[in-house]
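Note sheet for the following structure.
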Amino acid sequence: MCVRYLGFVLLVWFTGVLRAQSAALHCGAPSLSGGYLVPEQETYSHESELTYACDNGRKPAVEGWWATSTCQNGKWSHEPQCIDEKACIPPTIPNAKYTEKLNGWYEEGHKIRITCDEGYEQKDQDATAECINGIWTSVPVCERSTQACGEPPKIPHAVIIHQEYQEVFAVDSELQYECEDGYTVEEADGKKSIFCIAGSWTKGPTCRIRPGTGLGGSTVGGTHGGHTTSTGSGTQPASGGGGIRPGTGLGGSTVGGTHGGHTTSTGSGTQPASGGGGTGPLTRHVSNCGKPPIVPNGEVLETNRLFLKYRCGTFYKLMGPETVVCYSDGTWSEVPTCRVAYCAVDTDEYPDLKHAGVKYIKDGESLRFECVDLWLVTNYSEGRCTDGRMTFTRCCNKFQLNTNIC
């Protein structure tokens with residue numbers, strides 16, 4: 001008896017659920033003032049479509065003189081409504097944001113102010129649009145900033161972390177790389193980040209095989225080949241094209257320059273041999289020191305058998321020696337650094353300057369900035385970057401600036 005009663009209750013409950021779900025899938029007829037629907041019904045089934053148009057002097061709150069709406073799980077894809085023909089529907093402005101009206105349209109005379117997405121800026125400094133007679137006047141345009149950066153560089157064996165993919169990055173953006181398992185960053189300062197500066201990405205890290213992983217190794221030898229061997233705790237190049245002379249019994253190698261001595265390795269370490277008349281450390285071919293040193297924000301401009309020549313990226317200045325050599329003990333000579341050599345000017349921080357975002361100026365160079373209009377006359381200020389500091393002239397017209405009167 002109890003089982004039969006329970007079954008009856010479940011049947012009633014299940015039937016009620018089905019009816020509720022069925023009812024939820026239907027849409028009621030929308031209330032449309034100043035227009036008419038086709039077809040006109042009391043209810044519309046799920047995924048059914050209706051078409052509507054508006055009376056003279058009115059128009060749909062979407063694009064076109066007629067519109068369609070679809071019933072989706074009890075709701076219309078957009079609520080049909082007819083608005084004054086002088087009102088405006090929301091404009092489509094790529095790469096921009098603005099305050100949207102809840103009712104989905106704007107009255108005549110309404111003004112909107114747009115904000116460009118990061119990495120974009122207003123073209124011609126135009127940021128507002130006004131609804132006049134059903135049309136938006138002078139719709140602003142957000143164009144890619146000249147200071148923004150595109151897709152970041154792809155680094156072998158590394159991925160960018162904590163950042164979704166995008167095509168444009170604002171100036172000063174920072175992206176961090178992470179090496180895949182078995183690899184590690186080998187860099188003087190250990191940095192894993194790159195920065196967007198003046199439209200270009202700074203030099204990224206390099207992921208190299210982590211020592212002890214067994215994923216690979218390096219070959220070190222003379223000009224004609226050979227490999228590294230060790231006897232006891234020292235390291236010595238094995239015989240190759242320029243190795244040990246047969247029969248010497250030294251168990252080491254001879255390394256030297258044109259006028260220098262040589263280095264022998266036996267058992268416990270490396271010792272300079274007697275002879276030669278050199279006054280400084282002996283050098284070897286750069287290939288004997290392995291991979292070139294990494295200079296952040298710099299790169300190897302020239303690779304010679306006897307030296308490496310470096311240069312810095314845009315907006316950076318080389319400090320230290322331009323060339324680097326390989327010493328006979330397998331170490332590099334002093335490595336240069338790349339120092340920041342630019343000024344960053346945020347025009348919003350200067351009341352006399354018109355908004356133009358952040359501008360980057362190389363050290364020793366000048367850039368002309370437009371000033372806020374006074375008495376309807378366009379004026380400019382000359383900004384100059386000197387040792388990382390900016391100086392500005394007062395706001396003058398072009399003639400005054402060109403003739404150094406200002």
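Bear in mind these aren't lab numbers, they're just calculated from the coordinates by the rules spelled out. Being a predicted model, the structure only gives us computed values, none of them experimental. Neighbour counts are summed over all protein chains in view; Cβ atoms, including those assigned to glycine, are modelled from backbone coordinates with ideal geometry.
List of remarks:
- Sequence-distant residues sharing a close amide H with Glu85 (under 5 Å, placed H): Arg58, Lys59
- Linear extension gain, Gln400 paired with Thr184, 0.36 nm per residue minus alpha-carbon span: 72.0 nm
- A protection proxy built from the mean count of other Cβ atoms within 10 Å ranks the segments 33-43, 175-185, most packed first, as 175-185, 33-43.
- A cut-off of 5 Å between modelled amide H atoms, ignoring neighbours fewer than 5 places along the same chain, links His78 with Thr70.
- 3J(HN,Hα) along region 135-146, derived from phi through the Karplus expression 6.51 cos²θ - 1.76 cosθ + 1.60 where θ = phi - 60°, amounts to 10, 7, 8, 6, 5, x, 10, 9, 10, 4, 5, 5 Hz, with x in place of Gly and Pro.
- Stretch gain in nm, segment Thr331-His26, where the contour uses 0.36 nm per residue and the Cα spacing is subtracted: 101.9 nm
- Sorted on the mean count of surrounding Cβ atoms within 10 Å across their residues, most packed first, peptides 62-75, 192-205 read 192-205, 62-75.
- Extension gain (nm, one decimal) between Phe392 and Arg305, 0.36 nm per residue minus Cα-Cα: 26.5 nm
- Zone of Val139's modelled label, taken as backbone nitrogen in region 79-107 under 17 Å from a point 7 Å along Cα→Cβ: 86-101, 104-107
- Long-range amide H partners of Ala158 with built H, under 5 Å: Glu180
- q = 0.26, 0.28, 0.29 Å⁻¹, region 21-85: log10 I(q)/I(0) [Debye, one scatterer per Cα]: -1.05, -1.17, -1.23
- In order through region 66-72: 3J(HN,Hα) via Karplus (6.51 cos²θ - 1.76 cosθ + 1.60), integer Hz, x for Gly, Pro: 9, 8, 10, 9, 10, 7, 10
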